[in-house]
Each structure stands twice: as C-alpha cells, then as structure tokens.
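> The structure under discussion is supplied below as structure tokens; questions concerning it will follow.
Only the coordinates and a few stated rules stand behind these numbers; no lab work does. If you're wondering where the values come from, they're calculated on a predicted model, not measured in any experiment.
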Amino acid sequence: MIRGITIMLACTIIEALQDVRPGAQWVMGSTYSDLVWLDKSQLKPTLQEVDQAVSDCKAQEPIKNAEKAQAVLDAKDSGKLPQARIDALTKILGL
C-alpha cells in the first residue's frame, strides 16, 4: 500500500484464460467446470493449463505489485518528464 493506494493483481481463472488464449470467446461461471468454450479458432485450454497460468501469475504478483507501486511514485513525481509520467500512468492502468 502506498499512501492509501492498494495495488493488487487478480490471479483468477478469468485472467488465466485471457493469458493462455488471448482474444478467445468463452463464457465463465464460477469454476473451470462451468466454462463454456465458444471460440472456433482456439482450443479450450485444459484445467492443467489454466492452473499453471494461475500459478505463474501468483508467482509474478510480488514483482508486478512492486513495479506498479514504483509507477505510482513516478506518476506523482513532478520532477519526471511528462512522457515518463504518462508511461507510469499507462503502467498503473495496465494499458
């Protein structure tokens, strides 16, 4: 937490699906077994693929949280060049 701003990543099945099969079409319930795969060009990922993507995300969480925390500081730093502050905001927003 930096001055009232909590930075958290959500390592969920939804994020894992977006990472494993970017742009794929699907409908998600609350668990993998509720996943309805709609995409015609990409195969439905296995439960193991999704679990691995969630694990990878959780392993990267401390690093990404630290990067976002630094980006918050950079965005607030009036001594930074405007482009550096824009880059920091982009990082914070995940764009």
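> Shape call for the chain from the C-alpha gyration tensor, a ≥ b ≥ c root eigenvalues: rounded (a/c under 1.5), prolate (a/b greater than b/c) or oblate?
Details: a/c = 3.26, a/b = 2.28, b/c = 1.42.
Prolate shape, in that a/c is at least 1.5 and a/b is the bigger ratio.
> Let me ask something else about it. Cα to Cα, under 19 Å, and not fewer than 8 places away if on the same chain: which aspartates and glutamates meet these conditions relative to K91?
Excluding near neighbours in sequence, the set is E15, D19, E61, E67, D74, D77.
> Give the long-range amide H neighbours of W26: residues separated by 5 or more places, or on another chain, with amide H under 5 Å away, using H modelled in the peptide plane at 1.01 Å from N.
Counting only residues 5 or more places away or on other chains, the set is L38.
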